[in-house]
Amino acid sequence: MDCLFCKITEGSIPSQKVFENERILVFKDIQPAAPVHVLIIPKKHIGSMNDVEEQDLPLIAEMHQVAQQVAKELGVAESGYRLINNCGPDSGQAVHHIHYHLIGGAKLGALTGISDSHA
Ligand code: 5GP
Ligand code: ZN
């Protein structure tokens, strides 16, 4: 499958790993939007939130558990952080392998609303 995050999972594209188990990988975003910016992905290819099936729900729950743990390890659990999932064209989803952005380490701006661009 020609998927960037599957290649990162397989190791054919390198990444700066922050956490890994049999099902989930967390690595630093290549273009950080804040001092802490990591991506939480399942190793299983799921295209987007729209493609989550009932059998995937334990995996999605575990991604949240990993987010909690990684936030602690990266020192933002108390200062605060944002967990973001982009799904589909209007969100600007660029990589079609489901992921959460965990962003923090600085005061974050208000959630963005309608925009002319997906800069
Ligand atoms: P999306 O817009 O799909 O929600 O987010 C995709 C994210 O993947 C972007 O924040 C982008 O910076 C990040 N990204 C794209 N290519 C790579 C890469 O090769 N390595 C890493 N570590 N992050 C990437
Ligand atoms: Zn994939």
Practice item. Rounded to whole Hz and in sequence order, give me ³J(HN,Hα) for the stretch 100-109 from the Karplus expression 6.51 cos²θ - 1.76 cosθ + 1.60, θ = phi - 60°, writing x for Gly and Pro. Key: 10, 8, 10, 10, x, x, 7, 5, 8, x
Practice item. Could I have the simple spin-label model distance between L4 and A94, label points 7 Å from Cα toward Cβ, reported in nm to one decimal? Key: 0.5
Review point. In terms of the Cα gyration tensor, with a ≥ b ≥ c the square roots of its eigenvalues, is the chain rounded because a/c is under 1.5, prolate because a/b exceeds b/c, or oblate?
Key: rounded
Review point. So which lysines can K17 reach, going by Cα to Cα under 18 Å and dropping same-chain residues fewer than 8 places off?
Key: K7, K28, K43, K44, K72
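Can you compute the helix-only [θ] at 222 nm over the chain? Use -39500 (n - 2.57) per DSSP H run of at least 4 residues, normalise by all residues, nearest 500 deg cm²/dmol.
Result for the chain, helices only: -6500 deg cm²/dmol.
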Review point. What residues have an amide H closer than 5 Å to that of I24, excluding those fewer than 5 places away on the same chain, when H is modeled at 1.01 Å from N in the peptide plane?
Key: K43
Point to revise | Unpaired by the 4.7 Å Cβ criterion, cysteines found in the chain | key: C87
Review point. What nm value, rounded to one decimal, do you get for the distance between E20 and D51 when each label is placed 7 Å out toward the C-beta?
Key: 2.2
Review point. Roughly speaking, what is the centre-to-centre gap between the stretch 60-119 and the stretch 1-57 when only Cα atoms are used, to the nearest Å?
Key: 13
Check your understanding: Whole-Hz Karplus ³J(HN,Hα) for the stretch 27-41, in order, using 6.51 cos²θ - 1.76 cosθ + 1.60 and θ = phi - 60°, x for Gly and Pro?
Key -> 9, 6, 5, 6, 10, x, 8, 7, x, 10, 8, 10, 10, 10, 10
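Throughout, read-outs are computed from the coordinates displayed, never taken from laboratory work. None of these values were measured; they are calculated from a predicted model. In this analysis, Cβ positions are derived from the backbone assuming ideal geometry, glycine residues included, and neighbour counts consider all displayed protein chains.
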